[in-house]
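Encoded as structure tokens, the structure appears first; notes follow it.
The values are calculated or read from the model by the stated rules, or taken from the named source; none is laboratory data. This one's a predicted model, so the numbers in the text were calculated from it and none came from an experiment. Virtual Cβ from ideal backbone geometry, glycine too; neighbours counted across all protein chains shown.
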């Protein structure tokens, strides 16, 4: 079941990238998608597959605009710091404990932190995330727990 | 030059500016962790603008979809590879740069 879901996603990806409905292209795509789908289900997702319910998938779509906004703010902020002659940074690494139960939430959280202004995930040990911030003001935002609440809503409710 | 050309060139130029900012960051920032900030953040938006500029010139919806998927792939790959590099640096004992007080 996991393998079938992964294969469908991979095949859709193949269709977009190949942009071709030629029989040979379709056959190749299908074979590769199934092979990688089976491999992913057996190894990457052996214990905890990132399968979402319909409601979670909807929540995930609603999360995307928030992520895009963060990405734009991040890029502007880092460009501003880089181009400032004084380069106003005061880096810090902080640990932050989270209550996540699923692997997919941890992956999404680590990636989201990296796309959030001024913060970068450097390590994950169990449920503690070590976060490098360009300054303390950026890691304060992670410590407030707003981002983890959002992701709990998407993946764990 | 049509209006679409002008907008497209403008978007691609803005994208290039973010790429330049990211590269300047790699040169100016003091250690591996801060450099990853420049790479994982500025380049995402830079490529986003380049992709928008190119999408205006695309001749079919398939090409636009391809551009969008390429951008999404780069963003996810960057957000995944950045922490992996940082983790490798941390486990091999690279201390983060601190501003001396």
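For the reader, a short list of remarks on this structure follows.
- Qualifying residues in the stretch A:43-54 (those that are without any contact (Cβ under 8 Å) to a residue 60 or more places away in the chain and surrounded by fewer than 16 Cβ atoms within 10 Å (Cβ to Cβ)) - the one nearest to the other protein chains (Cβ to nearest Cβ): A:44
- One residue stands out among those in the stretch A:69-93 that are within 20 Å of the chain's Cα centre (by Cα) and more than 9 Å from chain B (Cβ to nearest Cβ): the one that is nearest to residue B:30 (Cα to Cα), which is A:73.
- Scanning the stretch A:125-138 for residues that are facing another protein chain (nearest Cβ under 10 Å) and under 10 Å from residue A:97 (Cα atoms) returns A:129, A:130.
- Checked against the criterion of being buried (at least 16 other Cβ atoms within 10 Å of the Cβ) and closer than 26 Å to residue A:6 by Cα, the stretch A:64-81 contains one or more residues that satisfy it.
- In the stretch A:43-56, of all residues being part of a helix (DSSP H, G or I) and farther than 16 Å from residue A:107 by Cα, the one that is modelled with the highest pLDDT corresponds to A:55.
- Residue within the stretch A:102-119 that is out of contact with any strand residue (DSSP E or B) (no Cβ under 8 Å at 6 or more places or on another chain), touching a residue at least 60 places away in the same chain (Cβ under 8 Å) and surrounded by fewer than 21 Cβ atoms within 10 Å (Cβ to Cβ) present: no
- Residue match in the stretch A:23-42 (condition: in a loop (DSSP other than H, G, I, E, B) and either at pLDDT below 90 or crowded, with 16+ Cβ neighbours inside 10 Å (or both)): no
- Test: residue A:17 is surrounded by fewer than 17 Cβ atoms within 10 Å (Cβ to Cβ), at pLDDT below 95, under 20 Å from the mean Cα position of the chain (by Cα) and closer than 24 Å to residue B:71 by Cα: no
- Residue in the stretch B:48-61 that is surrounded by 15 or more Cβ atoms within 10 Å (Cβ to Cβ), facing another protein chain (nearest Cβ under 10 Å) and at pLDDT 95 or above present: yes
- Just one of the numbered conditions (1) facing chain A (nearest Cβ under 8 Å); (2) touching a helix residue (DSSP H, G or I) at 6+ places or on another chain (Cβ under 6 Å) is not true of residue B:76: (2).
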